[in-house]
Amino acid sequence: MEWRNLYRGLIMGSVEVVPGISGGTIAVLLGIYERLIEAISGFFSKDWQKHLSFLVPLGIGMVTAIFLFARVVDWLFKHFPMQTQFFFLGLVIGVIPYLYQKAEGKTKFQGKQYILLIIGFVIVGGLGILNPNEGQVIQDISTNTYILLFIAGFIGSGVMIVPGISGSMIMMLLGVYPTIMAAISNFQFSVIIVAGAGIALGFITMSKIIAYFLRNYFTSTYAIIIGLVIGAVTIVFPGIPAGIGSIIVCVLLFIGGLIAALALGRLEYK
């Protein structure tokens, strides 16, 4: 077992509950994105044991973080929304240099790649324009609700492993985000199991698609990914704080997120 993935899973899981932040983005920062895609897409292959040793500690870390930090992140966004978003903004921007380095952008990017980058930016920036409303926690859980939760889990997890696109944001657009977060906080296992099944299937499906493009169109795929992550900045950015005190605090938290991303990236990529 690759037990170092426990702490990586903790980091990825803690940001998955944040609308606008993608676990795929953090996987890139941690230097395990391509390995993650390979492991998920190859889980049902003859090399499943090798992939299992990678995924189990990562999954344990992610699930633990989601259950531990769901309430913490919810509390931070309720009481310090702008400050929290500025920290995550620094984290997202700090990922971009490593993406560019991974893609060997200096030597391999040509006009086509920059066009793809712009397309990726527009896709995620368009999600920000939608300005999704979280909606309310669904109290009366019916068969139709379970179907919606499964579909939302499938779609949300499918984009969850794409850097720059937040699974939580997609679940907000579908109106199930507060219901799933409440289920996690209150250990409502029927909702967790149904949404979890959709999430698992979405992971497997999308990972196979991404694995194909990484194998055959590596540079162009990373160009789109960089555009997606830059587009995520427009979603996470909460606006200009009111008051000099708030501006100073937000700037310091932004710098803290940036330093954390750069330090973590340097540790993993050394």
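The values are calculated or read from the model by the stated rules, or taken from the named source; none is laboratory data. Remember, it's a predicted structure, so these values are computed and weren't measured experimentally. Quick reminder, even Gly has a Cβ in these numbers, built from the backbone with ideal geometry, and neighbours come from all protein chains shown. Protein only, heavy atoms only, side chains kept; ligands, DNA and RNA dropped before computing areas. Shrake-Rupley method; radii C 1.70, N 1.55, O 1.52, S 1.80 Å.
For the chain, the dipole from Cβ point charges (+1 on Lys and Arg, -1 on Asp and Glu) about the Cα centre works out to 680 debye, to the nearest 20. Calculate the FRET efficiency for Lys112 and Ser142 from the Cβ-Cβ distance with a Förster distance of 41 Å, rounded to the nearest 0.05. Once the sixth-power term is evaluated, E becomes 0.30.
Stokes-Einstein diffusion for segment 18-107 at 4 °C, viscosity 1.567 mPa s, with a Kirkwood radius from C-alpha pairs, works out to 85 µm²/s.
Each Cα pair under 8 Å and six or more residues apart adds its separation to the average, and for segment 140-270 the resulting relative contact order is 27 percent.
Within the accessible area of segment 133-270, what % is carbon and sulfur when the probe is 1.4 Å and the other protein chains stay in place? Answer for segment 133-270: carbon and sulfur cover 71 percent of the accessible area. Kirkwood hydrodynamic radius computed over segment 118-243 comes to 15.6 Å, based on all pairs of distinct alpha carbons.
Averaged over its residues, segment 60-109 has an accessible area of 55 Å² per residue, based on protein heavy atoms and a 1.4 Å probe. Spin-label model, Ser45/Ile244: points 7 Å from Cα along the beta carbon direction are separated by 6.0 nm. Over the C-alpha trace of segment 212-270, radius of gyration and Dmax come out as 16.2, 50 angstrom.
Per-residue extension of 0.36 nm, minus the Cα-Cα distance of Ser190 and Leu252, leaves a gain of 18.2 nm for this segment. In units of the rule-of-thumb radius 2.2 N^0.38 Å, the chain shows an alpha carbon radius of gyration of 0.98.
Counted residue by residue at 0.36 nm each, then reduced by the alpha carbon distance between them, the extension gain from Leu52 to Tyr7 reaches 14.5 nm. Membrane-span-like helices of the chain, defined as complete DSSP H segments with a Cα extent of 15 Å or more along the helix axis and a mean Kyte hydropathy of at least 1.6, are identified as 111-130, 218-236, 244-269. Heavy atoms of the protein chains alone define the surface here; on that basis segment 126-256 has 47 Å² accessible area per residue at 1.4 Å probe size.
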